[in-house]
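Taken together, the values in this text are just the output of simple stated rules run on the coordinates, not laboratory data. Quick caveat, the model's predicted, so the values are computed rather than measured. Here the Cβ positions follow ideal geometry from the backbone for every residue, glycine too, while neighbour counts run over all protein chains shown.
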Amino acid sequence: MSEEFKEVPLKEAIWVGIPTCLLPFIPTNPVVGHPMFLTERPRLFKLKNRLAITRDTLVWRDMNGWIWTVPAGFLTDGASVPWLLRWLWSPWDEKTLRPALPHDLRYCLHDYFENWEDYDSRTAADDSLYDGMMIDCPSRASVYHFACAMFGRAVYEHINKEAMMEDWFEVLRKDSKPELDKWILNVIEKDKAA
């Protein structure tokens, strides 16, 4: 191991730039094989550009016992529902939104942090979506999982960056709830004024 690497803590060497609150972790007493949401569905503020931001934090424990946090202020387009099926299922359906958020976050982290694939994979994100759907909307879990398997690769490989998301990452790096709350209110006020 080089001397230069020893000077940088391992976490920082691997995850340069990723706000630490977005990194999954294993709790002291992990529960494996029993995925569950550890918070209620977050409230949303729908923006005028067909997107929304979460008003609350969502916490999810995956099948492997990892805890994933989707902090308030996350920019989302809801559950990915093809336009042809939106007459049947809404992207904002409460039954599918909660499982969609950790899935969207994992795809998003792939877009913004080039080393994310060293840690996480599209397949793992898709499987975790299935697990979440089995809790909140079991009747659609297989359909959503199949759709991700068939069409998710194109979405995952298309790097999509939003200026608002970059701003959100900057606020999260400050690790300050008052700063995050202020940023969310600012986004809401700007959208209302537009």
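Find out how many positive minus negative residues lie around PHE37, taking Lys and Arg as positive, Asp and Glu as negative, among other residues whose Cβ is under 9 Å from that of PHE37.
+1
What is the order of VAL171, VAL31, fewest Cβ neighbours within 10 Å to most?
VAL31, VAL171
Starting from the Cα of ARG43, step 7 Å along the direction of its Cβ; do the same at ILE135; then give the gap between the two resulting points in nm.
For the pair ARG43/ILE135, the computed spacing is 2.2 nm.
Run the numbers on the range 16-184 and let me know its relative contact order in percent, using alpha-carbon pairs under 8 Å that are six or more apart.
Averaging sequence separation for qualifying contacts and normalising by length gives 20 percent for the range 16-184.
Less than 13 Å Cβ to Cβ from MET63, Lys/Arg counted +1 and Asp/Glu -1: what total charge do the surrounding residues give?
-3
Between THR28 and ARG55, 0.36 nm times their residue separation minus their Cα-Cα distance comes to what?
Residue separation times 0.36 nm, minus the Cα-Cα distance, leaves 6.9 nm.
Where does the longest stretch of the chain lie that holds no GluC sites (Glu not before Pro) found in a DSSP loop with 16 or fewer other Cβ atoms within 10 Å?
41-113
At most 13 other C-beta atoms within 10 Å and a DSSP loop state: those are the exposed trypsin sites (Lys or Arg not before Pro) I care about. Give me the longest piece of the chain that has none.
It runs 87-160.
So how far apart, in nm, are the two label points at GLU157 and MET36 if each is 7 Å from Cα heading toward Cβ?
3.9 nm
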